Amino acid sequence: SLVGEIEARCNGVIIVFEEGVATFYALKNAEDRGVFFITPGTKVYKGMIVGEHNRPQDLDLNVCKSKQLTNHRSATGDELVQLQAPVDMSLERALEYIGPDELVEITPESVRLRKVSKKLVKR
C-alpha cells in the first residue's frame, strides 16, 4: 500500500540565474556541486531548478556560461570528456521532489521545476 508521509529532501537545489541555453562547459564545471536534471542545449530561465545541490542550501548558478575561445591550442588538446547522466524527472518524481517554495511546470514536451518566485531571493 502506498500510504504515508513523503520524505523531505535534505539537500538544496541548483537554480538558474541567467536565461539562455545550458552549455556543456558550464555543466561540466559545476558537476562537482551536485546532480543535474538537464542536458547541454536545454533552454533555461531565471528561477528554474536544474539540479540538486550536494549541500543543504540552494545554489544560484549560471549554466549558460561558454568556454572562452583562444587562438592558442594547449599541448594536451581538447580531451574527450563526458557528463554524468542527468536525473530523469518524471511527473511523479517531480511532485514527490519539490519543496513548499517550489512548483512543477508541465508542458507536452517536458516536466520542469522552478522556485515559486522567479526573483532571486537572498538566502
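Bear in mind that the values in this text are calculations on the coordinates, not laboratory data. No experiment lies behind these values; they were computed from the predicted model shown. Because the Cβ atoms are built from the backbone with ideal geometry, glycine has one as well, and the counts that use them run over all protein chains shown.
How would you rank 80-90, 97-107, highest first, on the average number of other Cβ atoms within 10 Å across their residues?
Working: 80-90: 10.5, 97-107: 13.5.
In decreasing order of mean packing, 80-90, 97-107 become 97-107, 80-90.
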| note | Full extension between T107 and V35 adds, at 0.36 nm per residue less the Cα distance, a length in nm of 23.6 nm
| remark: Whole-Hz Karplus couplings 3J(HN,Hα) for the stretch 15-23, θ = phi - 60° and coefficients 6.51, -1.76, 1.60, Gly and Pro as x, run 10, 6, 10, 10, 6, x, 10, 5, 10
| task | Search the structure for amide H atoms under 5 Å from the amide H of V13, placed 1.01 Å from N in the peptide plane, and list their residues when 5 or more places away or on another chain. | result | H53, D58, L59
| Taking amide hydrogens as modeled 1.01 Å from N in the peptide plane, which residues meet the under 5 Å criterion relative to G34, leaving out close sequence neighbours? | N54
| task | Give me L95, L61 ranked fewest to most by other Cβ atoms within 10 Å of their Cβ, as a rough exposure proxy. | result | L95, L61
| Along the stretch 32-41, what does the Karplus equation 6.51 cos²θ - 1.76 cosθ + 1.60 (θ = phi - 60°) give for ³J(HN,Hα), rounded to whole Hz, x for Gly and Pro? | 6, 8, x, 10, 9, 9, 10, 10, x, x
| Sites A85 and S117, calculated FRET efficiency, Cβ-Cβ separation with R0 25 Å, nearest 0.05 | 0.25
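How do R112, R33 rank when sorted from fewest to most other Cβ atoms within 10 Å of their own Cβ? Spell out each step's value before the answer.
Details: R112 21, R33 15.
Result, fewest neighbours first: R33, R112.
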| remark: Distance in nm between R9 and R93 label points, each 7 Å along Cα→Cβ, equals 1.1 nm
